[in-house]
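Have a look at the structure below before the remarks.
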Ligand code: SF4
Ligand code: SF4
Ligand code: SF4
């Protein structure tokens, strides 16, 4: 797979999985574009909730979460507001123990919080991320300005409130003997010892069966023996694991996190080089004020990456997300728009691995 250099777009938990893949095994992901993420919803439960409003997924043109409501812009151009206090019950359980808002292990984090309409907040975290943003500014793909202090404070405040709320949930889960392994402060040596004894069965009991799985598909991608399959709701195995294999447990973003990737909950938005607000000069449609689309366009145009790993919507099932690998900008533009449910984002990389072998 060495000829593939992939830019991945993902939520904080998916970006953490990509970071663990990079840390522990090989992966063709070269650039990580992380999205801001407050919560995510179960597709099935969302469908059920819509029924209470006499709506179906296919009636919806656009979703937006703002100021305590889910705004549904319908194809009829009407808008329906669902209070988040009602939608709370359809939030995926794993999101209630998530302390990351801004994708802290990405190269560049992108979201709307703190920026005015048409602009996006961008957090540059790595030298690679800085080079990409500087190149995109120089080649007039984007323009940037400083994020004003009040907006920066707002971003931090929202990130802090997510950490605080979900740390309380984590405490409750731990009290109920439902471990939240990714928040354990262990040394790398002690993690190595735990990993040496873990297998899929431990992933099942410590993550999947207790509502901590983010359904990213990293375990399925990493399993050399192709024993893991992800159905719509969770990973399952179809066979016996060889002794001494612990890869799935190791790469999962909800098991122990190595020291250099672990979130520091006292830093609300994590470590960064620069925070700015950015506007696209190339695209007007797409995720987060088109900035994701525009950065991917810049990366592909300049052959910095060969493909982008993105999430699109199924044609046959409205708003059902699925991951795809593409080098075509028109496909990236078409996939724009935030999807508020999850899919195994590493699936196309698994397919790629199988094609090569
Ligand atoms: S666990 Fe949920 S809230 Fe956290 S990053 Fe993933 S999808 Fe978003
Ligand atoms: S073979 Fe290894 S990676 Fe695959 S399911 Fe078993 S323990 Fe996990
Ligand atoms: S169990 Fe697999 S799909 Fe679930 S979070 Fe862990 S790696 Fe991702």
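The values are calculated or read from the model by the stated rules, or taken from the named source; none is laboratory data. Quick caveat, the model's predicted, so the values are computed rather than measured. Methodologically, a virtual Cβ is constructed for each residue, glycine included, from the backbone with ideal geometry; neighbour enumeration extends over all protein chains shown.
Structure above, values below:
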item	result
Index of the failed condition, residue 225 passing every other in (1) within 16 Å of ligand 1 (Cβ to nearest atom); (2) out of contact with any helix residue (DSSP H, G or I) (no Cβ under 6 Å at 6 or more places or on another chain); (3) farther than 30 Å from residue 154 by Cβ	(1)
Top-ranked residue in the stretch 221-246 [being assigned to a loop (DSSP other than H, G, I, E, B) and in contact with a strand residue (DSSP E or B) (Cβ under 8 Å, 6 or more places away or on another chain); ranked as farthest from residue 344 (Cα to Cα)]	238
Which listed residue, of 311, 345, 292, is in a strand (DSSP E or B), modelled with pLDDT of 90 or more and in contact with a strand residue (DSSP E or B) (Cβ under 6 Å, 6 or more places away or on another chain)	311
Of residues in the stretch 84-104 being within 16 Å of ligand 3 (Cβ to nearest atom) and in a loop (DSSP other than H, G, I, E, B), the one nearest to residue 342 (Cα to Cα)	92
Subset of the stretch 1-35 that is surrounded by 18 or more Cβ atoms within 10 Å (Cβ to Cβ) and within 16 Å of ligand 2 (Cβ to nearest atom) - its residue that is farthest from residue 325 (Cα to Cα)	20
Criterion (farther than 20 Å from residue 251 by Cα and within 14 Å of ligand 1 (Cβ to nearest atom)) met by exactly one of 42, 85	42
Any chance residue 216 is crowded, with 23+ Cβ neighbours inside 10 Å, within 8 Å of ligand 3 (Cβ to nearest atom), closer than 30 Å to residue 141 by Cβ and in the same structural domain as residue 133 (by TED's automatic domain parsing)	yes
Answer from 65, 113 - the residue that is surrounded by fewer than 22 Cβ atoms within 10 Å (Cβ to Cβ), within 15 Å of ligand 1 (Cβ to nearest atom) and assigned by TED's automatic domain parsing to the domain that holds residue 32	113
Sole residue being within 16 Å of ligand 2 (Cβ to nearest atom), buried (at least 19 other Cβ atoms within 10 Å of the Cβ), in a helix (DSSP H, G or I) and in the same structural domain as residue 178 (by TED's automatic domain parsing), chosen from 256, 249	249
Residue tally, condition touching a residue at least 40 places away in the same chain (Cβ under 8 Å), more than 20 Å from the chain's Cα centre (by Cα) and surrounded by fewer than 22 Cβ atoms within 10 Å (Cβ to Cβ), over the stretch 124-146	9
Counted residues, the stretch 1-38 - those being within 16 Å of ligand 3 (Cβ to nearest atom) and part of a loop (DSSP other than H, G, I, E, B)	4
Only one of 76, 121 that is away from ligand 3 (no atom under 16 Å from the Cβ), surrounded by 17 or more Cβ atoms within 10 Å (Cβ to Cβ), touching a residue at least 12 places away in the same chain (Cβ under 8 Å) and more than 24 Å from residue 322 (Cβ to Cβ)	121
In the stretch 324-338, the residues that are touching a residue at least 60 places away in the same chain (Cβ under 8 Å) and closer than 18 Å to residue 40 by Cα	337, 338
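Conditions (1) modelled with pLDDT under 90; (2) farther than 25 Å from residue 9 by Cα; (3) out of contact with any helix residue (DSSP H, G or I) (no Cβ under 6 Å at 6 or more places or on another chain); (4) crowded, with 17+ Cβ neighbours inside 10 Å, marked per residue:
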residue: 37; (1), (2), (3), (4): no, no, no, yes
residue: 55; (1), (2), (3), (4): no, yes, yes, no
residue: 61; (1), (2), (3), (4): yes, no, yes, no
residue: 72; (1), (2), (3), (4): no, no, yes, yes
residue: 80; (1), (2), (3), (4): no, yes, yes, no
residue: 85; (1), (2), (3), (4): no, yes, yes, no
residue: 92; (1), (2), (3), (4): no, no, yes, yes
